[in-house]
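A.B. asks: For reference, the structure I am asking about is given below.
The values are calculated or read from the model by the stated rules, or taken from the named source; none is laboratory data. Everything numeric in this text was worked out from a predicted model, so none of it was measured. Cβ coordinates were reconstructed from backbone atoms using ideal geometry, including for glycine residues, and neighbour counts include every protein chain displayed. Remember, those area values only see protein heavy atoms, side chains included, never the ligands or the DNA or RNA. Shrake-Rupley method; radii C 1.70, N 1.55, O 1.52, S 1.80 Å.
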Amino acid sequence: MALLEVRELSVRFGGVVALDRVSFDVDAGQVVALIGPNGAGKTTLFNVITRVYRPSGGTVLVSGRSVQTIRSHHVIRHGLARTFQNVALFRSMTVLDNVLVGDHTQTRSGWLQASVPLPGAVAAESASRKRALEMIDFVGLGAHAERPVATLPFGFQKRVELARALVSKPRLLLLDEPAGGISHEEVDAMARLLRRVHTDLDVTMLLVEHHMAFVMGICDRVVVLDFGKKIAEGSPAEVQRNPAVIEAYLGAA
Amino acid sequence: MQEFLQLVVSGIATGGIFASLALALVLIYNAMGLVNFAQGEMAMLATFVAYSLVNRGMSFWIAFPVTLVLAFGGGIVIQRVVIKPAERAPVLTLVIITLGLATLVNGLAGFIWGYVPRSFPSPFSPDSVDLAGVFISYRDLGVIAVSGLVLLCVYLLLQHTTVGLTLRAAAHHPEASRLLGVQVSWMLALGWGLASAVGAVSGMMVAPILLLEPNMMQTIIIYAFAAAVLGGIESPLGAVVGGLIVGVTVNLAGSYIPGVGGDLQLAVGLGIIVAVLILRPNGLFGRAAVRRV
């Protein structure tokens, strides 16, 4: 059974068909890219998987369970985490606090325990801080843990968001344009970092990306969408040779 | 000079009252991006509850925490029953709902307790203490101590507990928080409960100074708006600093500017709102609102 199964998924906004019966799988241990021209439906697909949008038809299964049956604040407990295209950080908080929010579901304590500093809660909190700081180190921001995220450059903010998603120990990580809006050197560093996420932390990844060299460098498989339809799927090399993909990107000759 | 210092100290005391209500406004503003116009009326209602408890023979210092708990619960109920159904409505709809809520709560208090002003017992001695020639009343000191303690508790809750962290996260970025496992809707309710309790403190502190009646908070809320706007509307620290500045300014203006004493003090509060919005719209601690176009 695949970790993520997208089955005949359709999403309509009024008369606009954003996704039209799209199906594909992501197996555990894979890194899969979702590519396609602007407006192809990539982010829409992410939003269905993470319960932001409701599908008009079809299903998304995570470890065999339909995401429709999972409440949105429980999505994380099913091993699913994501990052956003324009980073959705808590801007006034420090790097550490941002990552701690990502970790709070790991500390199983109720309201009262979480608001009154009892000994058990204090121990849980320091364990939580330790995990958060380790993850901040992992993404290479150890020196900036106490800085407010708003003061960091965009490339660093993307890594904070990555740390926040990873600290919950997801099995499947959805990345919305991890290389978008950052400089050349940062793109290479991000590719190296994601490879380590894949190998060291054993996280399966589905990513949306426009940067083709980046996609070809880190992905096992590529799914291509155009106008809400899947037009190709295969290894990076296969997809690059596919006439339908070339046409979608460059227009008919 | 002595008179000046006395005015400053009593200004800080009233400032603490404004700060509590301003903080309540800021908590809701951060959670929902709107000003809760019913905040003052909710505080007034809580104060009437405290009044009833004290009238039935309960000591003030037991009635005080009991009222805070009831106000907290009441705030959560209001959020669940009145606000949540309109959660996805435009901000203007929600603003109108809070205005309606203010009228409703005001009428309800009038219906139950009537409009005759009642004296509310002060828990503090009416005496004064002589600090190097400056006479400071125990009432002022008591109000400063209680407001200070409450504000400190809120600060510790927000900044140093996991609940505070997730509360801030939910207010800041609901979508992202939900996916990180935060129960955003309950966090909003918790924010309302907290705001309601903090606001109730301002009501119970101001009632012995003014007289308790359903319209009691209607001038206080103007000062609280001024304090919140001065502090930058989304900064809890700003609300506290703003409250103290407004309290002291209004007190000094009332004594030193001819003609301002009494009724025109409110005009000073309104003047602060207008001046801040024109000169420094983000207040002392606010961030500039940036919008991508």
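A.B. asks: In terms of Cα to Cα distance under 17 Å, which aspartates and glutamates are near enough to residue B:84, apart from those fewer than 8 places away along the same chain?
C.D. replies: By straight Cα distance, residue B:84 reaches B:175.
A.B. asks: Next question. Skip the ligands, DNA and RNA, and give the accessible area per residue of region B:1-140 with a 1.4 Å probe, whole Å².
C.D. replies: I get 47 Å² per residue for region B:1-140.
A.B. asks: Excluding residues on the same chain fewer than 8 positions from residue A:130, give the lysines whose Cα lies under 18 Å from its Cα.
C.D. replies: The reachable lysines, counting only those whose Cα sits under 18 Å from residue A:130, are A:169.
A.B. asks: Testing the spin-label approximation: label points 7 Å from Cα along Cα→Cβ at residue A:54 and residue A:202. State their distance in nm.
C.D. replies: 3.8
A.B. asks: Output the antiparallel fraction of DSSP beta bridges having both residues in the protein assembly as shown, as a percent to the nearest 5. Before the final figure, lay out each step's value.
C.D. replies: Working: 25 of 41 bridges.
Once the DSSP bridges in the protein assembly as shown are tallied, antiparallel ones form about 60 percent.
A.B. asks: Could I ask something else about it? Looking only at region B:7-33, which residues have a backbone nitrogen under 12 Å from a spot 7 Å from the Cα of residue B:138 in the C-beta direction?
C.D. replies: Nothing falls inside the zone, counting backbone N under 12 Å.
A.B. asks: How large is the accessible surface per residue of chain A, computed with a 1.4 Å probe and reported in Å² as a whole number?
C.D. replies: On a per-residue basis, 44 Å².
A.B. asks: Label points 7 Å out from Cα along the Cβ direction at residue B:103 and residue A:237: separation in nm?
C.D. replies: 7.4
A.B. asks: Here is a follow-up. Give me the percent of accessible area attributable to carbon and sulfur for chain B, probe 1.4 angstrom. Write out the running numbers ahead of the final one.
C.D. replies: Working: 8980 of 13010 Å².
Percent of accessible area from carbon and sulfur atoms in chain B: 69.
A.B. asks: Same structure again: With point charges of +1 on the Cβ of Lys and Arg and -1 on the Cβ of Asp and Glu, referenced to the Cα centre of region B:2-279, which listed residue (B:225, B:71, B:145) lies farthest in the positive direction of the dipole?
C.D. replies: B:71
A.B. asks: Taking beta carbons within 10 Å but only from partner chains, what does the mean come to for residues A:64-73?
C.D. replies: 2
A.B. asks: Where does helix B:217-231 land angle-wise versus the long Cα axis of chain B, in degrees 0 to 90, nearest 10?
C.D. replies: Approximately 70 degrees, to the nearest 10.
A.B. asks: Under 5 Å between amide hydrogens, which residues at least 5 positions from residue A:226 or on another chain qualify, with H placed 1.01 Å from N in the peptide plane?
C.D. replies: Correct list: A:231.
A.B. asks: From Cα pairs below 8 angstrom and at least 6 apart in sequence, can you work out the relative contact order of region A:9-49, rounded to a whole percent?
C.D. replies: That works out to 31 percent.
A.B. asks: I'd like the orientation of helix A:184-200 relative to chain A: the angle between its Cα long axis and the longest Cα principal axis, in ° from 0 to 90, rounded to 10.
C.D. replies: So the helix axis and the longest Cα principal axis differ by about 70 degrees.
A.B. asks: May I ask you to derive the FRET efficiency for residue B:91 and residue B:155 from their Cβ-Cβ distance with R0 = 30 Å, giving the value to the nearest 0.05?
C.D. replies: In this case the efficiency is close to 0.65.
A.B. asks: Not counting the cut sites, what is the longest span of chain A without trypsin sites (Lys or Arg not before Pro) that DSSP labels loop and that have at most 14 other Cβ atoms within 10 Å?
C.D. replies: Here the longest run is A:109-253.
A.B. asks: Helix B:184-206: angle to the longest alpha-carbon principal axis of chain B, degrees 0 to 90, nearest 10?
C.D. replies: Compared with the principal axis, the helix lies near 10 degrees.
A.B. asks: For the pair residue B:69 and residue B:2, how long in nm is the line joining their label points, each one 7 Å along Cα→Cβ?
C.D. replies: 4.6
A.B. asks: To the nearest 100 Å², how much accessible surface do chains B and A cover up together, summed over both, with a 1.4 Å probe?
C.D. replies: 2300
A.B. asks: How large is the charge dipole for chain B, taken about the Cα centre, if only the Cβ atoms of Lys, Arg (+1) and Asp, Glu (-1) carry charge, to the nearest 20 debye?
C.D. replies: It comes to approximately 900 debye.
A.B. asks: Of the heavy-atom accessible surface of region A:1-73 (probe 1.4 angstrom), what whole percent is carbon and sulfur?
C.D. replies: Numbers: 1370 of 2970 Å².
Ligands and nucleic acids excluded, carbon and sulfur reach 46 percent.
A.B. asks: Going by amide H atoms built from the backbone, whose H comes under 5 Å of the H on residue B:137, apart from near neighbours?
C.D. replies: When sequence neighbours closer than 5 places are left aside, the close amide H contacts are B:129.
A.B. asks: Right, next: Can you pull out the trypsin sites (Lys or Arg not before Pro) in region B:2-92 whose DSSP state is coil and whose Cβ has at most 12 other Cβ atoms within 10 Å? Each step should come with its number before you reach the end.
C.D. replies: Working: sites: B:56, B:80, B:88; in loops: B:56, B:88.
In loop regions of region B:2-92 (DSSP not H, G, I, E or B), the sparsely surrounded trypsin sites (Lys or Arg not before Pro) are B:56, B:88.
A.B. asks: With a cut-off of 8 Å between alpha carbons and a minimum separation of six or more residues, what is the relative contact order of region B:2-279 in percent?
C.D. replies: That works out to 38 percent.
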